[in-house]
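Read through the structure below, which is laid out as structure tokens, and then see the notes.
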Amino acid sequence: MSIVEIEQIGALLIAGATKFLFAPAISEYFGYNFAQSFLYTTSGGVIGILAFTFVGDWLTAGWRKLITRIKALIMRRNPKAMLRIKPRRFTRTTRFIVRIRGKFGLVGLAIITPCIISIPIGTFVINRFYSKKWKILLALFTSLLLWSLILNYLAQTLHLSQYLNFSK
């Protein structure tokens, strides 16, 4: 196995872990067949789901501590400053996510996570809404496998790499 091939596999794992939609086309561009492409892109997705599920909890806890300390510092210096903080606004993306959760629940969010919203963001959002890790992981892994089969098949049969522009 050459250094170039190791770099390609690493790139596929990273693409599968972050923006899964493009990973099968990149794999086809590198010249991998369906089985290799399925293995590498799905492995990257699984690594991403596991990493962002468990590291996301740690980051969320740290973020909450930081925000609490900042608010306490602001309150000590100027108690009226907290009144000037504007409330959060709903964007199109957050409305979309809340609508999917309301209509389809965990399954709906898991289905849109690998392709429509990325694995890091989708995993973070699902972990904020739901607490049972085994249900979250089961839903995300099932969705990932289905999307991986579909996207790798399309990438191999339609030669989607021809639409990628990697020129310098």
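The values are calculated or read from the model by the stated rules, or taken from the named source; none is laboratory data. Predicted model, so just to flag it, every value in this text is computed and none were measured. Counting neighbours? That spans all protein chains shown, and the Cβs are built from the backbone with ideal geometry, glycine included.
Couple of notes before you dig in:
- Residue satisfying condition, being modelled with pLDDT of 90 or more, more than 30 Å from Gly102 (Cβ to Cβ) and either of a type outside the set (Gly, Ala, Ser) or buried (at least 16 other Cβ atoms within 10 Å of the Cβ) (or both), within set Tyr153, Tyr163: Tyr153
- Among the residues examined, Arg99 does not qualify as exposed (fewer than 11 other Cβ atoms within 10 Å of the Cβ), among the charged types (D, E, K, R) and out of contact with any strand residue (DSSP E or B) (no Cβ under 8 Å at 6 or more places or on another chain).
- Among residues of segment 23-48, those that are assigned to a helix (DSSP H, G or I) and free of Cβ contacts under 8 Å to residues at least 40 places away in the same chain, counted: 7
- Scan of segment 41-62 for residues that are more than 13 Å from Ile121 (Cα to Cα) and polar (S, T, N, Q), ordered by number: Thr41, Thr42, Ser43
- Pairs with Cβ under 9 Å, 6+ apart, first in segment 54-75 and more than 22 Å from Lys132 (Cβ to Cβ), second assigned to a helix (DSSP H, G or I) and of a type outside the set (Val, Ile, Thr): Lys71/Met82; Ile74/Ala81; Ile74/Met82; Met75/Ala81; Met75/Met82
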